[in-house]
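The structure under discussion appears below in the form of structure tokens.
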Amino acid sequence: MSTTKTKGGEFLIKETNAQDIFIPEQWNEEQLMMKKTCDDFIDQEVLPILDRIDSQEVGLMPSLMEKAGELGLLGVSVPEALGGMGADFVTSMLTTEALGAGYSAAVAFSAHTGIGTLPILYYGNEEQKKKYIPKLASGEWKACYCLTEPSSGSDANSGKTTAKLTADGKHYILNGQKMWITNGGFADIFTVFAKIDDDKNLSAFIVEKEFGGISLNPEEHKMGIKGSSTRQVFFNECKVPVENLLSERENGFKIAVNILNIGRIKLAGAAIGGSKRAATQSIKYANERIQFERPISKYGAIRYKLAEQAIRIFASESATYRASQNMEDAIHELIAGGMEKAKATLKGIEQFAVEAAILKVHGSETLDYVADEGVQIYGGMGYSAEAPMDRIYRDSRINRIFEGTNEINRLLIVDMILKRAMKGELDLMGPAQKVANELVGIPEFSEPDDTLFAYEKKLIANFKKAILLTAGGAVQKLMTSLSKEQEVIMNIANMAIETYVAESTLLRVEKMVSMKGEASCEVQLAIARSYINSACDKIWIEGKEALNSFAEGDELRMMLIGLKRYTKQEPFNAKAARQTVAQALIAENKYCF
Amino acid sequence: MKILVPISNVPDTTSKISFANNDTEFNKSGITFILNPYDEWYALVRAMELKESGKAEKVTLIHVGLADSEPTIRKGFALGADDGVRIDGEGDAYFVAEQVSNYAKENGYDLIMAGKETINYNGSSVGALIAGFLDYPFVSLATKLDVEGTTATLEQDIDGGTQIVEAQLPLVISCAKGMAEQRIPNMKGIMAARTKPLTIVAAGQNNNFTNVKSFALSAGRTTCKMIDENNMDELVQLLHTEAKVI
Ligand SMILES: Cc1cc2nc3c(=O)[nH]c(=O)nc-3n(C[C@H](O)[C@H](O)[C@H](O)COP(=O)(O)OP(=O)(O)OC[C@H]3O[C@@H](n4cnc5c(N)ncnc54)[C@H](O)[C@@H]3O)c2cc1C
């Protein structure tokens, strides 16, 4: 759909045209109907039985998955020839968002359709796909993904599970222990990562429960998502036919990484779905709860929270669908170039792995913010297990841990950007040099441009310069030791996250204004400006901390002056902007953007 | 057996209702329209069940309305209807029923299943009017329906119980709660919806016998009043003076 081709990570150095991004205001009738089906499923089949789900009533989650399968919800991204819907990637993001409001069921569904199904769909050979995918898409078979081990979590390639070829060459014998396996309690199909002989890298295997040699520990007692099955899985002389090796020997780690790229953006989508519903509950409660003879939604302290919930959700959503469409376009382009669809999907998404990591962090932290303030808005009832915020708060927390912890994702954001720069895929050096020159040059005093968005665009362009200044300085000063200076990497990652999300929010509102006119986008303008305002302050703090840690003397002073210049804003009344947002929410009595 | 299901396009139940043009028109701006639940959950879903059990060979939707209501027709397609007709015009119940009947007369249907009412105007008259125009028997407010050959067996709620009636096809019925369970359209159905044939027919003679002069909102429910449990006198007082029930 874009007129100009966008590359992953390029937002750091390139301006994007608002008309080139996809925004949620562009969903078509069919996509919205699909979303409605997912919403109805959550409302009718999941929400009325949350307590039963959380008590892990035997057979309940599998039967829910079968119902979801009947509606086609488990096969949205599976091609029609394999029993799915063959929907495009952005559409699958929308259904993911809607189902993301399903608490433990959302985790079970996404583990099944994501890490459970996709390795086979994208890396399986024809026989493997024909044998497994249709039954996974229909929900007849349930899937899980066994990567993590007691001693191998973030360091996923260090697993100790082994696979040995039998003397007759017909089977691999798997031995080892896996941990934290979602859907482990009832799964029929296990994608298992193990090392063959003394290999350095993991290989992946499709293992059927029926093969034998699989045993399970009891359910883990967890803080939240109590209805989601999480087990330790033991492989004891588990005999796997050689034809069930997935892809090639030692290709397992690559599979894990590529599937995680998809998992990360999907997690962001699911978090948006959960956040919207939690925000709606917060608004309704604030409108109903009377203290000092007025609904608490009349109080500024509460309005601040309602507005900030919505601002962050809107921002996260803007960035998520912008990246989703970029991925979609990249996939289509690769297919047009002759690449096979499965491979093109992986490659297209991999191109935007930086964005996927950004979104994973931002989506999960937005959900946690919304949940946390939701508890606060509910007051004592927020702390009651009888009211909804208790479950929302506990269930949201896992999202910052799985699919790569948020620390690992922050490390990855910077690592991937620098690697791409090193490989020449992303020209950071040129723009960084320009920023360095600008620092010693005379500041330009151009006439202020009063046209709509000109000021905000200038701010966003400056954020990018702030990143180039900080990251450029860090690379120059710390050289190869940068990878050990994790605090600095976290600073740079946070600057990149805020910049990408702020820019996406602005582009969305700019496109909305071009579609509907400025007058009907007044609240969205307040959202975008408010987000950019906070982002600007955050970028200043993160940049300053980084610079102070590795530079000194005159050089430090000069860099700080530069950073200050790039994070300089005109006075902005954030209180008034949040009031505008809160009033719209209160009037609609729901999250309404 | 060929089934015709007349459907209507109504505001979502959570819509904020307001009026335009000096309270003479319903204000459509910002309103989400849906397939009338009685037409969808009861009439159409039961029609689909009859088709799935092999008793009906085809389910056709018919709607009298303007082009902006086509998404609602496609929602009906997503639920499984085979094809649809939109008669391009707007009017009162008499007008709608006359248009539907004209179409039904030309195309021959064995069973016409309407919802018991629409959730916007709650007129409850279209089904009966269609039966009148076609000179077919009419069973209103049916809560159950089965068909064997050309005989339909229906259940209706009556005061304190139910009655079972039998009627011969061709037949018009209006469907009420109990007839079927709400269905969520599945992904396949949604994707198939855009390929199903929708015929657009010009409206015939414009016989409108009623005209809305103005709309007004009801006062609505007042808020709940809490009374201290030790203050029975106040309760009695309020029941007498405000609620006027004692
Ligand atoms: C409910 C639940 C469901 C799960 N489902 C699955 C599943 O279905 N399949 C599966 O394979 N796994 C699953 N996991 C595992 C999950 O992916 C891991 O827990 C996660 O990757 C973190 O690994 P860990 O628990 O070993 O933590 P560690 O790796 O021990 O991390 C501990 C802390 O150290 C930090 N840290 C680690 N390494 C570094 C580093 N290099 N630099 C800086 N900080 C670092 C982490 O960010 C974290 O804060 C699940 C986990 C949970 C809790």
What is the average number of partner chain Cβ atoms found within 10 Å of a Cβ in B:180-188? 6
Could you list the residues of the range A:151-179 with an amide nitrogen less than 15 Å from a label point located 7 Å from the Cα of A:Gln56 in the Cα-to-C-beta direction? A:179
Treat each spin label as a single point 7 Å out from the Cα along the C-beta direction, and report the A:Asn175 to A:Thr405 distance in nm. 3.1
What ranking, highest mean first, results for peptides A:142-154, A:545-557, A:243-255, A:501-513 when packing means the other Cβ atoms within 10 Å averaged over each residue? A:501-513, A:142-154, A:243-255, A:545-557
Could you state the number of Å between the C-alpha centres of the range A:60-79 and the range B:43-119? 30
Across B:190-196, the residue-averaged tally of Cβ atoms belonging to other chains within 10 Å stands at 4
With label points set 7 Å from each Cα along the Cα-to-Cβ direction at A:Gln579 and A:Gln44, the distance between them in nm comes to 4.4
Once fully extended, how much extra length lies between A:Leu452 and A:Asp537, figured as 0.36 nm per residue of separation less the alpha-carbon to alpha-carbon distance? 28.4 nm
Cross-link reach list, lysines versus A:Lys14, counting only Cα pairs under 20 Å and skipping chain neighbours closer than eight places: A:Lys5, A:Lys419, A:Lys423, A:Lys434, A:Lys457, A:Lys458, A:Lys464, A:Lys465, A:Lys511
Per residue, in Å², the accessible surface of chain B once ligands and nucleic acids are set aside, probe 1.4 Å: 54
For peptides A:382-390, B:115-123, B:76-84, sequence by mean Cβ density within 10 Å, most packed first: B:76-84, B:115-123, A:382-390
Quote the FRET efficiency, to the nearest 0.05, computed for A:Glu293 versus B:Ile227 with a Förster distance R0 of 22 Å and r equal to the Cβ-Cβ distance. 0.80
Amide H partners (placed H, <5 Å) of B:Val85, local residues excluded: B:Leu61, B:Ile62, B:His63, B:Thr199
Name the helices (complete DSSP H segments) of chain B with a Cα length along the long axis of 20 Å or more and a Kyte-Doolittle mean of at least -1.0, or state none. B:93-107
Run through the range A:44-119 and list the GluC sites (Glu not before Pro) located in a DSSP loop whose Cβ has at most 16 other Cβ atoms within 10 Å. A:Glu57
May I ask you to list the lysines whose Cα is less than 26 Å away from that of B:Lys225, ignoring any residue fewer than eight positions away on the same chain? A:Lys284, A:Lys298, A:Lys590, B:Lys16, B:Lys244
Give the cross-link partners of A:Lys164 among the lysines, using a straight C-alpha distance below 25 Å as the criterion and excluding same-chain residues fewer than 8 apart. A:Lys129, A:Lys131, A:Lys178, A:Lys195, A:Lys200, A:Lys209, A:Lys239, A:Lys254
Where does each of A:358-367, A:163-172 land if you order them by average Cβ count within 10 Å, highest first? A:358-367, A:163-172
How large is ³J(HN,Hα) for each residue in the range A:196-208, as worked out from phi by the Karplus curve 6.51 cos²θ - 1.76 cosθ + 1.60 (θ = phi - 60°), to whole Hz, x for Gly and Pro? 7, 6, 9, 4, 7, 10, 6, 10, 10, 10, 9, 10, 8
If I stretch the segment between A:Lys516 and A:Glu243 completely, what's the gain in nm (0.36 nm per residue apart, minus their alpha carbon distance), one decimal? 92.7 nm
Got a number for the accessible area of B:Asp92? Probe 1.4 Å, square angstrom, nearest 10. 30
On the protein heavy atoms, probe 1.4 angstrom, tell me the percent of accessible surface of the range A:28-114 carried by carbon and sulfur. 52
Among the residues of the range A:63-106, which ones have their accessible area go down by 50 Å² or more when all the protein chains sit together, as opposed to their chain alone (1.4 Å probe)? A:Leu71, A:Met85
Find the centroid of the Cα atoms in the range A:430-487 and in the range B:139-182, then give the distance between the two in whole Å. 74
Averaged over A:28-41, how many beta carbons belonging to a partner chain fall within 10 Å of each residue's beta carbon? 4
Percent carbon-and-sulfur accessible area, the range A:426-588, ignoring ligands, DNA and RNA, probe 1.4 Å: 55
Taking the Cα-to-Cβ direction at A:Lys222 and at B:Glu25 and moving 7 Å from each Cα, how far apart do the two end points lie in nm? 5.3
Amide H proximity to B:Ser15 below 5 Å, modelled H, separation 5+ or other chain, gives none
The range B:40-69 scanned against label point 7 Å out from B:Asn206 along Cα→C-beta; backbone N under 15 Å for B:65-66
Mean-position separation - Cα centroids, the range A:228-251 and the range A:563-580, in angstrom: 53
Any idea of the total accessible area buried by the A-B contact, 1.4 Å probe, rounded to 100 Å²? 1500
Helix-derived [θ] at 222 nm for chain B: sum -39500 (n - 2.57) over DSSP H runs of at least 4, divide by residue count, nearest 500? -7000 deg cm²/dmol
Could you pull out the trypsin sites (Lys or Arg not before Pro) across the range A:1-109 that fall in loop regions by DSSP (anything but H, G, I, E, B) with no more than 12 other Cβ atoms inside 10 Å? A:Lys5
Sum of -39500 (n - 2.57) over DSSP H runs of 4+, divided by residues of chain A (222 nm, nearest 500): -19000 deg cm²/dmol
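The values are calculated or read from the model by the stated rules, or taken from the named source; none is laboratory data. Keep in mind it's a predicted model, so treat the numbers as computed, not measured. Glycine gets a Cβ as well: all are built from the backbone with ideal geometry, and neighbour counts include every protein chain shown. Each accessible area value is taken on the protein alone, full model and side chains, heavy atoms only, with ligands, DNA and RNA left out. Shrake-Rupley method; radii C 1.70, N 1.55, O 1.52, S 1.80 Å.
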